[in-house]
Amino acid sequence: MHDLIIIGGGPAGLSAAAYALGKELDAALIYERLGGKVGWSQSLAAVEAERQLPGNEVVRLLQLRTAGERGRMIQDRVDLVQPLEIGFRVVTRQHGTIDGAVVIVATGASPLQLKVPGAQRLVDHGLGYSIRTYAHLVHGKRVAVVGTTPRALRGVAELARVAARVFLIAPSAESVQTRTANALRRRPNVEFLVGYDVAAVLGDDRLTALRLEHNGRALELAVEHTFVDLGLVPNSTMVHDLVKRDSRDFIEIDRFNATSAPGIFAAGDVTNAPVEQVLVAVGDGARAAMSAYDYLLAWGLASTLGQERA
């Protein structure tokens, strides 16, 4: 049985793994894509995004720190976490079951996709799903935001500081009756397109425009970048029966990153704590690992691996 199993290979999971290795714990990291969202850069066309994204270099360093730990890095999908008399059993697709005394869930959250012609093809080529990460890269550009979630409205406020023009595409007037929306209406470079729906994303090698529909009429909106924020779906299904979740299925944690199930901790975007930024997720993962280590020590569950190496 491992001391610790970390599920998820994004910034929070890698940070937790680095902390655990530093404490000489017998830790295993199970991941589908190493680096998480950072592992597939949502590059904005003609922008050297990688060089300018806060936190990406930190994630690469964490990848280097953990990559040499053969036998501890397991690329697989986790279907279920089951409680044992002591510890937990993690059920994977390809590697069978893996047991650990403590589990950290750092599986992130997936954005709801814009399902119109051209949208999937132009992701990474002018269309992205993370305003918070990429807003600073659109200086002087025409930008559209699709969605009216609180995250989307906050994103419009951030984009308005640097973009030449920001278009907020809102399906109804009711969806933009908030204090933030009212403040945005006063910004000279923000325009609300209320009652419009996106019918298609246009462009060959990169996004050049959106085709919108309003009361049966089509409109082509020329923009250089588009951010979609229709909401997030947490990747928490593997622990649905074990931990308390909020109304949107995000895992509820306390200030120590502990869940309602003793021995299960969570970090990053899968939790109900606001993260959504690489550097914040890195700190969140380290705190979860520290709390997991304290739990192991308190219950006498940590292996003697460190003593055997000494």
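The values are calculated or read from the model by the stated rules, or taken from the named source; none is laboratory data. A quick note: this is a predicted structure, and the numbers were derived from the prediction, not measured. Cβ placement follows ideal geometry from the backbone for every residue including glycine, while neighbour counts extend to all protein chains displayed. All accessible areas refer to the heavy atoms of the entire protein, side chains included, with ligands and DNA or RNA removed. Shrake-Rupley method; radii C 1.70, N 1.55, O 1.52, S 1.80 Å.
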Open item on the list: For the chain, take the longest principal axis of its alpha carbons; what is the angle in degrees between that and the long axis of helix 278-298, to the nearest 10 within 0 to 90?
Closed with: 20
Open item on the list: Can you tally the lysine pairs in the chain where the Cα-Cα distance is under 30 Å and the two residues are eight or more apart, or on different chains?
Closed with: 6
TODO: Using only Cα atoms, tell me the angle between helix 150-159 and the longest principal axis of the chain; keep it within 0 to 90° and round to the nearest 10.
DONE: 60
Task: Shape of the range 234-293, Cα gyration tensor, a/c cut at 1.5 - done: oblate
- [ ] Output the antiparallel fraction of DSSP beta bridges having both residues in the chain, as a percent to the nearest 5.
- [x] 45
Open item on the list: Quick check on packing: order 176-185, 145-154, 193-202, 74-83 by the mean number of other C-beta atoms within 10 Å, highest mean leading.
Closed with: 145-154, 193-202, 74-83, 176-185
Open item on the list: Tell me the mean residue ellipticity at 222 nm calculated for the chain from its helices only (DSSP H runs of n ≥ 4, each -39500 (n - 2.57), averaged over every residue, nearest 500).
Closed with: -7000 deg cm²/dmol
TODO: For the range 107-257, with all protein chains present and a 1.4 Å probe, just round the carbon and sulfur fraction of the accessible area to a whole percent.
DONE: 47
Task: Relative contact order of the chain, pairs being alpha-carbon contacts under 8 Å that are 6 or more residues apart, as % - done: 23
TODO: Collect residues whose amide H, placed 1.01 Å from N in the peptide plane, falls under 5 Å from the amide H of Ala261; neighbours closer than 5 in sequence don't count.
DONE: Lys244
Task: Solvent-accessible area per residue, Å², over the chain with all protein chains present [probe radius 1.4 Å] - done: 48
Open item on the list: Can you classify the range 114-265 as rounded, prolate or oblate using the Cα gyration tensor, where a ≥ b ≥ c are the square roots of its eigenvalues, rounded means a/c under 1.5, and otherwise it's prolate if a/b beats b/c and oblate if not?
Closed with: prolate
Open item on the list: Taking the 0 to 90 degree range and rounding to the nearest ten, how far is the long axis of helix 56-67 tilted relative to the main principal axis of the chain, both from C-alpha atoms?
Closed with: 30
